[in-house]
Structures are given as C-alpha cells and as structure tokens.
Amino acid sequence: HLEGVLDEDTVAEGLHKLGRSAPGIEYVYLNLSLSGRGLSDISILSRYVHLQKLELSSNKINDLSCVSHMPYLLELNASNNELTTYFAFKPPKNLKEVDFSYNQIPKMKNLSAYQSLTKLLLDFNNIVEIEGLGKCHSLTHLSLSHNRLVAVSGLENLPIKILNLSSNQIEKITGLDSLKTLQTLDLSSNKITSLEGLKEHDLLEVINLEDNQIAELRELEHVEDLPLLRVLNLLKNPVQEQADYWLSVIFMLLQLTELDLKKISVKEKVAAVNKYDPPPEVVAAKDHMTHVMRGMMQPQKIFDSTLPCLDAPYPMLVFAGPVACGKRELTHKICRQFNNFFRYGPCHTTREAYFGEENRLDYYFVTQEAFDKMVNMGQFIATYKYSGYSYGLARDTVESIAREGLATCVDLELE
C-alpha cells in the first residue's frame, strides 16, 4: 500500500447508495465518498464508470483525469486539494454540480462542453477574471468568493440565480445588467462605493454588501424599486454612521424584512413612515399635542371665545378644501353678507405674499423663525404645512374677533 495512492479496499469503504445503473441493466454503487484520506493518486477510479456522485474533498489531488471515464457523473466535489487547473477531463454529459473551492486555480477555462452545469463553486482560488461561461446555459449558482477579481464580466445572459463574488477587489457593480433571473447577490468584502448597476433586477431578493465603502444614503435609490428585495446587509459601511440611518433605510426600502442581519418589525416600519412621510392624521395628532402642551405651559385664563354653555353655537366657521376650489372667495363673501355674525380670521404663513395680497388682511406674513417662536409659545390653535410652507391659525386671531361678539370665519388648505 503506497502512501497517497488509492486502493480498492479504500474505495470499498467509501462506496454507498446502491441503485440501478444509468443504462438500467444492473445494480451498482452510485456514490463514492473519499474525503480527508490524504490521497494524491486516484487513477484507480477509472474503472468505476457508473458513479453519479463523487466526493474527493480535503485530499492532495492534482489530477482528475480519471473522471473522463465516468460518463454518468452528476456531482463532483474536489474542494481542498492541490489542483492548478479544473475540468481537465472529458466532460460527463450530464455533470450538474462541481466544487473546486480551496485549490490553486489561477485561470478559468472554456466550459462550452459543460452545458448541463447548474452549480459551480470556485471559492478560495487565485482567479483574476471570469471567463469561459458563455455556453453554460443551465448555470444558476456561481460562487467565486476569495479570489483576485477586480471587475465583474463574462456573465452575459446566463440564468444565474445565486451569485457570490465576496472577498475580492471589485470597485464597481458592473456586468450584471443581463442577469435578469438573479435572486441572491453577495458582494461583501470588496471596495464598492455605489449601488449603481443593480436597477431593474426585479427578482433580486437578497443583497449582501457588508464591509464595503458605501457612504451615502442616496445610493439606496438604485435599489428602492426592486419589488422582491427582502434582505439587505450594509454592515461595516460608512453609511451606517449617517444620522437616523436605521429608520432612513427602512423608509426608503419598506419592502425589506431584514436589515444588517436583524429582522425589521412592523413597529419600526410604522415609526419610519411616521417620521419621514406621516399620514395626515398623525401630523394632525402631533400638531394638536404640541399646541395643547405649549398652551398649558402659558399663564391660564378664561378666553373670550369660551362657550357660555354647551348649547351655544361654536364661534368659528372653517372652510377646508383643495387648492383653487374657491374657498377663500366663499369665506370673504360670507363675511360680507353676514357681517353681523362673522369676521374673517387671517392665518399666519411663512410664504411670501402673492401679487395683490395684503399683510393682516389676507395673511399674517412672518418668517419661519417667528412662526416657530409662536408654536413654542403655544399661540396657535392649529398648524399645517402646504407646499413646504408653514400655516397656522393663531389663538389671538380668534380671540380678537370673539371680543367683538363675532364668530371667526377661516379657510384652510388640505395638508
């Protein structure tokens, strides 16, 4: 027994799964496992022509020519060996899954003859360029992590669903445009600064970009329209240092269920929406709470607008509606025709006066600083924003009209 040379007794120990041979005329062993046996010479396997699954990981093999005699082979694991090239054998017609990880392979070769190949693992080698895959029309899983790639190329129009290019030296996401079936993408531990190149991958569900150089939240705009994106990992990127990073990403990508290896709760999604695009009822509730709390902090008194009894008519008439619906004109018309009952109450606003508008007659035109000071002093009954400007109905406006024994008539925009 020579050291490193495979013999028939060792083969017998590794054979398993008895089944019908591919031609169907006899029962044979279909699988052979020889992992971690220190093998360097496996030429004896040339006799085992019926094998369908061959496990050779963690040996010292540098020659796989015996595979040329296995026409029915479906799966081959030759990881953790001493191979400097791969597929150096006559291609089994239906070979589907191959693992050449943890070897010393410097260059990819033309795999046009391997058209049944669905899974190819080449992690932890010395490969500098992706090539030779143009005719692999069945390839759905490709892994080239821990190599020496500086760019993504050679993947045009392949049906790849899972792509792992982590731990390389890639700086830009290019060469993926035609991979329309891509579902899982791992580009962690590279030198990527932008997510440009990920648009229109409508089937993409998982993106791992941990340990890169992405610094700006606006980069997420490149993936915000991916309808099936559920998992995103941006750990160890400068963008994590941005203020409100967590809620900002959740709001921009509401379709996510997991961010940075943490599950996103419904409560966090609600918090993100309420912070960056709150529904009107949330805005109104916050405004109301603000005005109540600020008002309570001021000296208390009986207001002139306080109702003498519960049956008294409320001293205010409010017209609310979309812009240019005629509510302002109606408000002024009512105030003119029923001037014994109503007086127009101008709101405060931070916008500039339009042509023909007069201060104190149409609006009280104030600066944003002055407006905010009035909010903090509890001087508003209600406030809202419209077209980026602040509007508010001041309590003093209503009070001054109430002192005249009249009701306030006011028009408000819909926020």
Margin query: Could you compute the net charge surrounding residue 121? Neighbours are other residues with a C-beta less than 13 Å from the C-beta of residue 121; K and R count +1, D and E count -1.
Written below: -3
Item checked: Estimated vicinal HN-Hα couplings, Hz - the range 356-373 in sequence order (Karplus 6.51, -1.76, 1.60; Gly, Pro = x) -> x, 7, 10, 5, 6, 9, 8, 8, 9, 8, 10, 7, 4, 5, 5, 5, 4, 5
Next item on the list: Kindly express, to the nearest 10 degrees and within the range 0 to 90, the angle between helix 327-337's C-alpha long axis and the longest C-alpha principal axis of the chain.
Entry: 10 degrees
Next item on the list: Choose one answer from 402, 78, 284: the residue with the largest mean-square fluctuation in a GNM of the chain with alpha-carbon springs under 10 Å.
Entry: 402
Check: Which whole-number percent gives the relative contact order of the chain, counting Cα pairs below 8 Å spaced six or more residues apart?
Finding: 7 percent
Check: Which of these, 27, 354, 48, has the largest mean-square fluctuation under a Gaussian network model of the chain (Cα springs below 10 Å)?
Finding: 354
Note to self: Using 0.36 nm times the number of residues separating residue 174 and residue 285, minus their current alpha carbon distance, what extension gain do you get?
What the structure shows: 35.3 nm
Notebook entry, point to check: residue 329 label point, 7 Å along Cα→Cβ, cut-off 17 Å on backbone N: hits in the range 376-415?
Noted result: 411-412
Check: So, by mean Cβ neighbours within 10 angstrom, what's the order for 193-203, 258-268 with the highest one leading?
Finding: 193-203, 258-268
Next item on the list: Kindly identify the chain as rounded, prolate or oblate by the Cα gyration tensor criterion: order the square roots of the eigenvalues as a ≥ b ≥ c, call it rounded if a/c is under 1.5, otherwise compare a/b with b/c, prolate if a/b is larger, else oblate.
Entry: prolate
Notebook entry, point to check: All other residues with a Cβ under 10 Å from the Cβ of residue 88 taken together, and with Lys, Arg as +1 and Asp, Glu as -1, what is their net charge?
Noted result: +1
Notebook entry, point to check: In nm, to one decimal, how far is the residue 375 label point from the residue 63 one, both placed 7 Å along Cα→Cβ?
Noted result: 8.0 nm
Notebook entry, point to check: Using modelled backbone amide H atoms (1.01 Å from N, in-plane), which distant-in-sequence or interchain residues come within less than 5 Å of residue 145's amide H?
Noted result: 122, 123, 124, 166
Notebook entry, point to check: Rounded, prolate or oblate: which fits the range 34-163 when a ≥ b ≥ c are the square roots of the eigenvalues of the alpha-carbon gyration tensor, with rounded for a/c under 1.5 and prolate only if a/b beats b/c?
Noted result: oblate
Next item on the list: May I ask you to list the residues of the range 166-205 whose amide nitrogen lies under 17 Å from a point 7 Å from Cα along the Cα→beta-carbon direction of residue 230?
Entry: 182-186, 202-205
Note to self: If you take every residue apart from residue 260 with its C-beta less than 14 Å away from the C-beta of residue 260, what net charge results, scoring Lys and Arg +1 and Asp and Glu -1?
What the structure shows: -1
Check: Taking neighbour Cβ counts within 10 Å as the exposure measure, how do 360, 403 sort from fewest upward?
Finding: 360, 403
Notebook entry, point to check: Which FRET efficiency value, to the nearest 0.05, is calculated for residue 131 and residue 21 with the Förster distance at 41 angstrom and r the Cβ-Cβ distance?
Noted result: 0.70
Next item on the list: Pull out the extension gain between residue 268 and residue 318, defined as 0.36 nm times the separation in residues minus the alpha carbon to alpha carbon distance; nm, one decimal.
Entry: 14.4 nm
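Every number here is computed from the coordinates shown, using simple stated rules; none is lab data. This is a predicted model, so every value here is computed, not measured. Note that each Cβ is placed from the backbone with ideal geometry, even for glycine, and that neighbours are counted across all protein chains shown.
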